[in-house]
Amino acid sequence: LHSYTKYNTWDTILSWINSIASSNPSLVSKQVIGNTFEGRPMTLLKLGKSSGTTKPSIFLDCGIHAREWISPAFCQWFVKEALETYGSDSQMTSLLDQMDVYVLPVINIDGYEYSHTTNRMWRKTRSKLSGSSCLGADPNRNFDAGWCTVGASSNPCSETFCGSTPESEIEVKHVADFIRKNKSSIKAYLTIHSYSQLLLFPYSYSYNLAADHSELMSVAQGASAALTSLYGTRYTSGPGASTIYLAAGGSDDWAYDLGVKYSYTFELRDTGYHGFLLPESQIKPTCEETMLAVKYIAAHVQKNL
Ligand SMILES: Nc1ncc(C[C@H](C[SeH])C(=O)O)cc1Cl
Ligand SMILES: [Zn+2]
Ligand SMILES: [Zn+2]
Ligand SMILES: [Zn+2]
Ligand SMILES: [Zn+2]
Ligand SMILES: [Zn+2]
């Protein structure tokens, strides 16, 4: 059965998505943006007061890397908090009245399932490339942003295999298609990973500073300070290249270059003690502190609409 403080399987998450959408019809709608390589439905939740017109929106995705289980847990937590506090929390109420928040709880569903059933440390998709016995590409190297130039491998057996072409991974293509289609209204892109406790923003594919570097930095510093205020968890903020590593093909860089100014990658808890195997006992505190950072960014986005 579904629990917000457990690492739910995909089947449990999908039935949760369906029940959430059907029990909150005025605030939530769902749509399938396409199927994964193995045919699972990439199901997107749209949160926000329904209005006849297109509202400005925030796109939040989780589970691009299979083994980063705290990530889908956060997307589920965000939905719970949003629906629970709409009407009582003034900021969340204002957010969902003025904007829409798209939540994609698991991008890499095939990989997520595989990490539950077969290999806990799996990272990539589960696509089959002709001519190789190795499976999958790194979806966060498969976006069309400096594709395969740095920090990625063209070896299909590598953990950071960039894919045969940009958007070769059908999961990446579906996400990119959706964001392209809605790029005029999507004001922020937040993608959730683990671990390291970092708040990253463009660029990772180059050491060059983004045009909006100073604003992105100040918002990141404010967001991580908000996060730290709850339990003292410390985060580092900065451009991906200088803060973690130089690497191309990431979703945040791609969204930023498409014109989504507020584009951030979160690396949640911890800093390596448990790493990807973060105990379920830490889901609640991790999600509660991350809510503060996400709400900080959302408030800044709203102020700048
Ligand atoms: N644009 C990016 N933003 C963040 C990262 C770090 C994550 C950490 Se799991 C990754 O390696 O895919 C990597 C890239 Cl390429
Ligand atoms: Zn398709
Ligand atoms: Zn990751
Ligand atoms: Zn990571
Ligand atoms: Zn522990
Ligand atoms: Zn809460």
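The values are calculated or read from the model by the stated rules, or taken from the named source; none is laboratory data. This structure is a prediction, so every number in the text was calculated from the model and none was measured. Because the Cβ atoms are built from the backbone with ideal geometry, glycine has one as well, and the counts that use them run over all protein chains shown. In case anyone asks, the SASA skips ligands and DNA or RNA and just uses the protein heavy atoms, side chains included. Shrake-Rupley method; radii C 1.70, N 1.55, O 1.52, S 1.80 Å.
With the condition kept exactly as written, say whether any residue in region 259-267 is away from ligand 1 (no atom under 13 Å from the Cβ) and in contact with a Ser or Thr (Cβ under 9 Å, 6 or more places away or on another chain). Yes. Right, GLY272: out of contact with any helix residue (DSSP H, G or I) (no Cβ under 9 Å at 6 or more places or on another chain) and within 28 Å of THR9 (Cα to Cα) or not? For GLY272, the condition - out of contact with any helix residue (DSSP H, G or I) (no Cβ under 9 Å at 6 or more places or on another chain) and within 28 Å of THR9 (Cα to Cα) - is met. Taking the condition without any contact (Cβ under 8 Å) to a residue 24 or more places away in the chain, away from ligand 6 (no atom under 16 Å from the Cβ) and out of contact with any helix residue (DSSP H, G or I) (no Cβ under 6 Å at 6 or more places or on another chain), does ALA211 pass? Here the answer is yes, as ALA211 does meet what is asked. Each residue in region 129-149 was checked for being surrounded by 15 or more Cβ atoms within 10 Å (Cβ to Cβ) and either closer than 23 Å to GLY259 by Cα or within 20 Å of the chain's Cα centre (by Cα) (or both), and 13 pass. Tallying residues that are of a type in the set (Gly, Ala, Ser) and surrounded by fewer than 17 Cβ atoms within 10 Å (Cβ to Cβ) within region 47-96 yields 7.
Condition check ((1) over 15 Å from GLU289 (Cβ atoms); (2) within 10 Å of ligand 1 (Cβ to nearest atom); (3) free of Cβ contacts under 8 Å to residues at least 40 places away in the same chain; (4) not polar (S, T, N, Q)) across all residues:
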{"site": "ALA188", "(1), (2), (3), (4)": "yes, no, no, yes"}
{"site": "TYR195", "(1), (2), (3), (4)": "no, yes, no, yes"}
{"site": "SER204", "(1), (2), (3), (4)": "yes, yes, no, no"}
{"site": "TYR256", "(1), (2), (3), (4)": "yes, yes, no, yes"}
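Just a yes or no: is a residue in region 155-171 outside any loop (DSSP other than H, G, I, E, B) and touching a residue at least 60 places away in the same chain (Cβ under 8 Å)? Yes, the conditions are met somewhere in region 155-171.
Just one of the numbered conditions (1) open to solvent by 10 Å² or more (accessible area, probe 1.4 Å); (2) farther than 20 Å from ASN8 by Cα; (3) within 16 Å of ligand 4 (Cβ to nearest atom); (4) under 17 Å from the mean Cα position of the chain (by Cα) is not true of LYS261: (3). So, of the residues in region 158-182 that are more than 14 Å from ARG126 (Cα to Cα) and among the hydrophobic types (A, V, I, L, M, F, W, C), which turns out to be surrounded by the most Cβ atoms within 10 Å (Cβ to Cβ)? Residue satisfying both the conditions and the ranking: VAL175. Entry remark, region 244-258: residues being within 12 Å of ligand 3 (Cβ to nearest atom), among the small types (Gly, Ala, Ser) and either over 13 Å from the mean Cα position of the chain (by Cα) or surrounded by fewer than 24 Cβ atoms within 10 Å (Cβ to Cβ) (or both) number 1 in total.
Considering only region 268-298, how many residues are open to solvent by less than 20 Å² (accessible area, probe 1.4 Å) and either more than 14 Å from ligand 1 (Cβ to nearest atom) or under 15 Å from THR228 (Cβ atoms) (or both)?
Count: 12.
Tell me which helices (runs of 4 or more DSSP H) are completely within region 186-305 and hold 1 or more residues being acidic (Asp, Glu), or say none if there are none.
Once the helices (runs of 4 or more DSSP H) in region 186-305 are filtered for at least 1 residues that are acidic (Asp, Glu), what remains is 213-231, 251-258, 283-303.
The set of residues in region 214-223 being under 26 Å from ARG141 (Cβ atoms) and open to solvent by less than 40 Å² (accessible area, probe 1.4 Å) consists of LEU216, VAL219, ALA220, ALA223.
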